[in-house]
Amino acid sequence: MVSDKFSRYKIFKTGAILLMLTFLGFAAAAAEAGGFQSKSLRLNKMADPESNSQYRKVLAVMDNKTLLEPAKILYLVTQLKLSPYQFERNESIYDGGKAASHLLMKYSAVRDRIETAEQFIDYIASRSSKSGRPYHVLDANGKRYLSHDVLINELAELEASIEKKRQRRG
C-alpha cells in the first residue's frame with residue numbers, strides 16, 4: 001500500500017517535471033524565434049508620476065489596505081489606457097483605451113473575487129478567459145511582450161514608489 005502511493009507520487013512528480021521542461025523548452029524557442037519578449041517594458045514612463053491623477057489616488061490611500069489594492073488595479077488600467085502601445089487579444093489589435101475598457105469590463109464581473117493587484121494581473125489581465133490565449137503588448141517596432149510581464153513590472157514600480165513615500169514620511 002505504501003509503495004503503491006510512493007509509485008504514484010513518483011509518476012506524478014516525473015510527469016510534472018516533464019511538463020515543466022516541455023514548457024520551458026517552448027518558451028525558450030518562442031523567445032528565440034521572436035514570438036514574445038521576456039524582457040518587459042514600461043507602459044507609460046512619466047517624468048513626473050505625481051502628474052498622474054490615479055497615482056495620486058494610490059498615494060492617498062496607501063495606508064488603507066482595503067482601498068489600496070483596488071487603487072493599484074485602477075492605476076494599472078490607467079497606465080494601460082495612457083500607453084502609446086498596441087495590445088493583442090485573441091489575434092486582434094487594440095489601442096490602450098479599448099484594452100483598458102475590456103479589462104475593466106472583465107474586472108467588474110468578478111470584482112468580489114479579486115483581492116489584490118497580483119490577482120487582477122493573473123486572472124483578468126494576462127489571458128483571454130474564452131480562448132485561454134495570452135494577451136500581448138506590442139511596442140512601436142512590433143515586438144510582442146506578455147501583458148502579464150508588463151503589468152507585473154508596472155506594479156513593481158508602483159509598489160517601490162509607495163515604499164519610498166512611506167520611508168520618506170518616516
I'd like to know if region 109-126 contains one or more residues that are assigned by TED's automatic domain parsing to the domain that holds Y75, within 24 Å of P70 (Cβ to Cβ), in contact with a Lys or Arg (Cβ under 6 Å, 6 or more places away or on another chain) and part of a loop (DSSP other than H, G, I, E, B). yes
In region 103-143, the residues that are buried (at least 18 other Cβ atoms within 10 Å of the Cβ) and more than 9 Å from the chain's Cα centre (by Cα): L103, Y107, I114, R127, Y135, H136, V137
Need the failing condition index for I114 against (1) touching a strand residue (DSSP E or B) at 6+ places or on another chain (Cβ under 7 Å); (2) more than 15 Å from L43 (Cα to Cα), just the number. (1)
Could you check, for region 153-162, whether at least one of its residues is exposed (fewer than 11 other Cβ atoms within 10 Å of the Cβ) and in the same structural domain as K57 (by TED's automatic domain parsing)? yes
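The values are calculated or read from the model by the stated rules, or taken from the named source; none is laboratory data. Every value quoted in this text rests on a predicted model; they were computed, and no experiment measured them. Because the Cβ atoms are built from the backbone with ideal geometry, glycine has one as well, and the counts that use them run over all protein chains shown.
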